[in-house]
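Engineer: One structure is given below, represented as structure tokens, and several questions about it will come after.
The values are calculated or read from the model by the stated rules, or taken from the named source; none is laboratory data. Quantities reported herein were computed from a predicted structural model and do not represent experimental measurements. Glycine gets a Cβ as well: all are built from the backbone with ideal geometry, and neighbour counts include every protein chain shown.
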Amino acid sequence: MRHPWGVESTPDPDRVPMVRRDTRLDSYVDRYAARTHGMTASAIRALFAVANRPEVVSLAGGMPNIADLPLDVVGSALQDLVVGRGLQAMQYGSGQGEQEIREAICEVMRLEGISAHPDDVTVTVGSQQALDLVTRIFCDPGDVVLCEAPSYVGALGVFRSFQCEVAHVAMDDQGLLPEALREAVLALRAAGRSVKFVYTIPSFHNPAGVTQSLERREAILAVAEETDLLVIEDNPYGLLGFDADPIPAIRSLSDDRVVYLGTFSKTFAPGFRIGWVLAPHAVREKLVLAQESATLCPPTFSQFAITAYLRQHDWQGQIKVFAEMYRERRDAMLAGLAAEMPAGVTWTVPAGGFYVWLTLPPGLDSQAMLPRAVTARVAYVPGTAFYADGFGSRHLRLSYCFPTPERILEGTRRLGEVLAYETELLSTFGSPLSPPHAAELPSHLAPGTNSQ
Ligand SMILES: Cc1ncc(COP(=O)(O)O)c(C=O)c1O
């Protein structure tokens, strides 16, 4: 028998083949907790199988491109760690996270104007777990969470799994609109709803690619103060700007109104799974209890490894290397879009991060179009993945972080052909189905207006 990697082997006559007894029928179907009903495979995960085929240019996934990491430096830091402090690094640790990394995290946050004490930091398994813990401690079933329209698909999944209701708030090319936020809070409260927090991604938004100016951040915070609303600030991309210094985080403007989430996934490597929450003291205490019940402690080895990397490597220089590489890819995508998109398609221009948000002419549906795009060997994420309420079909997210500039140009060329064909079909035959009209909705549930 020939292995896929070419090594000859002889079948072992004593080996009992493992047979996976699978059935489509789930005999536990009546026993699952109600909270599992909202758990569905994300549109992105469902796409991965096809999008990862080599012939497809995937502009879908948002995987950080870590090819520029100095693996020799990381490798020798890990070796020193195991030899020098291995027994400690491989032991259980503190539920809040190790003191050393919490100190280092405060240094990282200083770059965005945050002055914090290590005691107020809780280490998490990526910022994804931070989202889970924050929702766990604040939200009961039926509570309302305010999110941008559109919002990060992984956060929507967490809110759904805790049986929260998501109300989307409109954005423009500077992100969340403070007045729309104000209206949403007041309308929901007037309707007797319990609004727990607003979840926002101020810098290089996933998926919209836009960034809140400092004035916008101040205005959002002012609305939060006025309406006594908690702000959850999720900031994985803030240090990956292409042009200017980072804009101060919302948390830098207020110590007690904001719970801030950070991560090493985009500025170092996602495989260590280390993120954090910076929260007011009482909230931090609850977070640590929630963390202990979820994991006992976040992974000690990863925390030691990241601390060693931060100490031994020019990590800020490395972030600049990453940002330059992403800028080149962003430029390729913008050039490709400018050259290939038919009239009527518009897109955002990100100043950092990984994503461009496309708006299609009325009548086109990015979800219905996806199989045609994949047949044309290009993949993206349909906009509906980023809304909790079924909107977004006129939008799609393109990621430029992973493919080479050449592949990005090829991808936009293929997408341009698909869209040209779709727009032509539309002008010949008209739209098969009109999506529900935004004007029929109460304003606090209206879909995003970012169509720049
Ligand atoms: C906005 C946002 N928040 C959170 C995450 C989760 O990141 P991680 O769990 O790797 O820190 C991501 C990942 O793409 C993201 O884009």
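Engineer: What single numbered condition from (1) part of a loop (DSSP other than H, G, I, E, B); (2) in contact with a Cys (Cβ under 9 Å, 6 or more places away or on another chain) fails to hold for residue 343?
Structural biologist: (2)
Engineer: Moving on. Out of the residues in the stretch 50-65 that are in a loop (DSSP other than H, G, I, E, B) and more than 17 Å from residue 325 (Cβ to Cβ), which is modelled with the lowest pLDDT?
Structural biologist: 52
Engineer: Residues in the stretch 83-131 that are part of a helix (DSSP H, G or I), among the β-branched types (Val, Ile, Thr) and within 16 Å of the ligand (Cβ to nearest atom): how many?
Structural biologist: Qualifying residue count, the stretch 83-131: 3.
Engineer: With respect to residue 140, determine if the residue is outside any helix (DSSP H, G or I), farther than 29 Å from residue 350 by Cβ and not basic (Lys, Arg).
Structural biologist: Here the answer is yes, as residue 140 does meet what is asked.
Engineer: Could you please give the count of residues in the stretch 72-86 that are farther than 13 Å from residue 307 by Cβ, modelled with pLDDT of 95 or more and among the aliphatic types (A, V, I, L, M)?
Structural biologist: Residues that pass the stated criteria total 2.
Engineer: Kindly establish whether residue 96 is surrounded by 15 or more Cβ atoms within 10 Å (Cβ to Cβ) and either touching a strand residue (DSSP E or B) at 6+ places or on another chain (Cβ under 9 Å) or modelled with pLDDT of 95 or more (or both).
Structural biologist: For residue 96, the condition - surrounded by 15 or more Cβ atoms within 10 Å (Cβ to Cβ) and either touching a strand residue (DSSP E or B) at 6+ places or on another chain (Cβ under 9 Å) or modelled with pLDDT of 95 or more (or both) - is met.
Engineer: So, one more: Given (1) closer than 28 Å to residue 409 by Cβ; (2) touching a residue at least 40 places away in the same chain (Cβ under 8 Å); (3) not small (Gly, Ala, Ser), identify the lone condition not met by residue 54.
Structural biologist: (2)
Engineer: Go through 80, 72, 68 for me and flag whichever is more than 16 Å from the ligand (Cβ to nearest atom), part of a helix (DSSP H, G or I), over 30 Å from residue 371 (Cα atoms) and in contact (Cβ under 8 Å) with a residue 40 or more places away in the chain.
Structural biologist: Selected residue: 80, the only one of 80, 72, 68 that is more than 16 Å from the ligand (Cβ to nearest atom), part of a helix (DSSP H, G or I), over 30 Å from residue 371 (Cα atoms) and in contact (Cβ under 8 Å) with a residue 40 or more places away in the chain.
Engineer: Could you check how many residues of the stretch 210-226 are of a type in the set (A, V, I, L, M, F, W, C) and either on the phi > 0 side of the Ramachandran plot or surrounded by 24 or more Cβ atoms within 10 Å (Cβ to Cβ) (or both)?
Structural biologist: 2
Engineer: Next question. How many residues are away from the ligand (no atom under 16 Å from the Cβ) and closer than 20 Å to residue 206 by Cβ if we restrict to the stretch 352-370?
Structural biologist: Residues in the stretch 352-370 being away from the ligand (no atom under 16 Å from the Cβ) and closer than 20 Å to residue 206 by Cβ: 6 in total.
Engineer: Filter the stretch 233-259 for residues that are within 12 Å of the ligand (Cβ to nearest atom) and either of a type in the set (Asp, Glu) or within 19 Å of residue 215 (Cα to Cα) (or both) and give the result.
Structural biologist: Matches in the stretch 233-259: 233, 234, 235, 238.
Engineer: Related question: Could you tell me whether the stretch 197-209 includes any residue that is more than 16 Å from the ligand (Cβ to nearest atom) and either in contact with an Asp or Glu (Cβ under 8 Å, 6 or more places away or on another chain) or on the phi < 0 side of the Ramachandran plot (or both)?
Structural biologist: So far as the stretch 197-209 goes, no, none of its residues is more than 16 Å from the ligand (Cβ to nearest atom) and either in contact with an Asp or Glu (Cβ under 8 Å, 6 or more places away or on another chain) or on the phi < 0 side of the Ramachandran plot (or both).
Engineer: Could you identify the single residue in 146, 176, 188 that is hydrophobic (A, V, I, L, M, F, W, C), buried (at least 22 other Cβ atoms within 10 Å of the Cβ) and more than 14 Å from the ligand (Cβ to nearest atom)?
Structural biologist: 146
Engineer: How many residues, within the stretch 346-372, are in a strand (DSSP E or B) and over 20 Å from residue 403 (Cβ atoms)?
Structural biologist: 2
Engineer: Something else: Among the numbered conditions (1) out of contact with any Ser or Thr (no Cβ under 8 Å at 6 or more places or on another chain); (2) crowded, with 22+ Cβ neighbours inside 10 Å; (3) more than 18 Å from residue 210 (Cα to Cα), tell me where residue 376 comes up short.
Structural biologist: Only one criterion is unmet by residue 376, namely (2).
Engineer: Let me ask something else about it. Quick one: residue 272 ticks every box in (1) touching a helix residue (DSSP H, G or I) at 6+ places or on another chain (Cβ under 6 Å); (2) in contact (Cβ under 8 Å) with a residue 40 or more places away in the chain; (3) within 13 Å of the ligand (Cβ to nearest atom) bar one, so which box is it?
Structural biologist: Checking residue 272 against (1) touching a helix residue (DSSP H, G or I) at 6+ places or on another chain (Cβ under 6 Å); (2) in contact (Cβ under 8 Å) with a residue 40 or more places away in the chain; (3) within 13 Å of the ligand (Cβ to nearest atom), the one that fails is (2).
Engineer: How many of the residues in the stretch 221-232 are touching a Ser or Thr at 6+ places or on another chain (Cβ under 7 Å) and more than 16 Å from the ligand (Cβ to nearest atom)?
Structural biologist: So the count comes out to 1.
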